[in-house]
Amino acid sequence: MNGIVIFFIVIGLVVLICIGWVVGVYNKLVNTRQHVKDAWSGVDVELKRRYDLIPNLVETVKGYASHESQTLENVIAARNQAAGNQGSVASQAQDENALVGAMRQLAVVVEQYPDLKADTQFMNLQGELAETENRLASARRLYNGNVRELNTTIETFPNLIIAGTMNFEKAEYFEIEDETIREAPKVSF
């Protein structure tokens, strides 16, 4: 009789350990997914701040460079496209790439107007935009770090069994392709 009781106790402990493991993995996946969502909301806040600054910057430039209307229209169109995007992270990144390109064109225009570069309102807006870009880069790093943690948790064995069974999906990284980041800086004396 004692052998049967011990057998059932051992089986009961194994079942409890398995259930505990499943619950633990599930809770980790839910927690990590929530961190990804929270980090994306931080990225979203900074993107909206950027979108709010761009029209003011364009209006300031317009006063000095009204004949550069095509460039200014491209910036506003790219801003509107990115601000209105409600799609996937990859879709948002694509629109952000277009916006970064349009802003680069605007920077080229600004270089042609020394009076504009000295304008106090323009300098303040440019400073706020630079601060926003830094905050956005930080938020993007946090988001991508959480995505990495979620994706690693989903892909590692034996977690992938629970993740697949409970329909957890990998998240997309938010990557903006900026070719200038990969270029070596030009130094001239």
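General remarks:
- Across region 2-23, not a single residue is classified as surrounded by fewer than 17 Cβ atoms within 10 Å (Cβ to Cβ), in contact (Cβ under 8 Å) with a residue 24 or more places away in the chain and within 30 Å of the chain's Cα centre (by Cα).
- Residue that is nearest to A171 (Cα to Cα) [pool: residues in region 130-141 that are buried (at least 17 other Cβ atoms within 10 Å of the Cβ) and of a type in the set (A, V, I, L, M, F, W, C)]: A139
- Among the residues of this structure, G145 counts as one that is out of contact with any helix residue (DSSP H, G or I) (no Cβ under 6 Å at 6 or more places or on another chain), part of a helix (DSSP H, G or I) and modelled with pLDDT of 95 or more.
- From R79, R104, R135, residue being within 26 Å of H35 (Cβ to Cβ) and either within 22 Å of the chain's Cα centre (by Cα) or modelled with pLDDT of 90 or more (or both): R135
- Unmet requirement for A163, which otherwise passes all of (1) closer than 13 Å to R33 by Cβ; (2) part of a helix (DSSP H, G or I); (3) within 17 Å of the chain's Cα centre (by Cα): (3)
- Which numbered condition E177 fails, given (1) part of a helix (DSSP H, G or I); (2) at pLDDT below 90: (1)
- Contact annotation: residue pairs with Cβ atoms under 7 Å, 6 or more positions apart or on different chains, pairing a residue in region 84-103 that is under 17 Å from Y143 (Cβ atoms) with a partner that is assigned to a helix (DSSP H, G or I) and not hydroxyl-bearing (S, T, Y), are N85/Q92; N85/D95; D95/Q81; D95/A82; E96/A82.
- Residue that is farthest from N74 (Cα to Cα) [pool: residues in region 105-120 that are surrounded by 13 or more Cβ atoms within 10 Å (Cβ to Cβ) and not hydroxyl-bearing (S, T, Y)]: D119
- Qualifying residues in region 148-168 (those that are in contact with a Phe, Trp or Tyr (Cβ under 7 Å, 6 or more places away or on another chain) and surrounded by 13 or more Cβ atoms within 10 Å (Cβ to Cβ)) - the one modelled with the highest pLDDT: I154
- Of all the criteria given as (1) hydrophobic (A, V, I, L, M, F, W, C); (2) surrounded by fewer than 19 Cβ atoms within 10 Å (Cβ to Cβ); (3) not in a helix (DSSP H, G or I), the one not satisfied by A171 is (2).
The values are calculated or read from the model by the stated rules, or taken from the named source; none is laboratory data. Bear in mind that the values here come from a model prediction, so they are computed numbers and not experimental data. In this analysis, Cβ positions are derived from the backbone assuming ideal geometry, glycine residues included, and neighbour counts consider all displayed protein chains.
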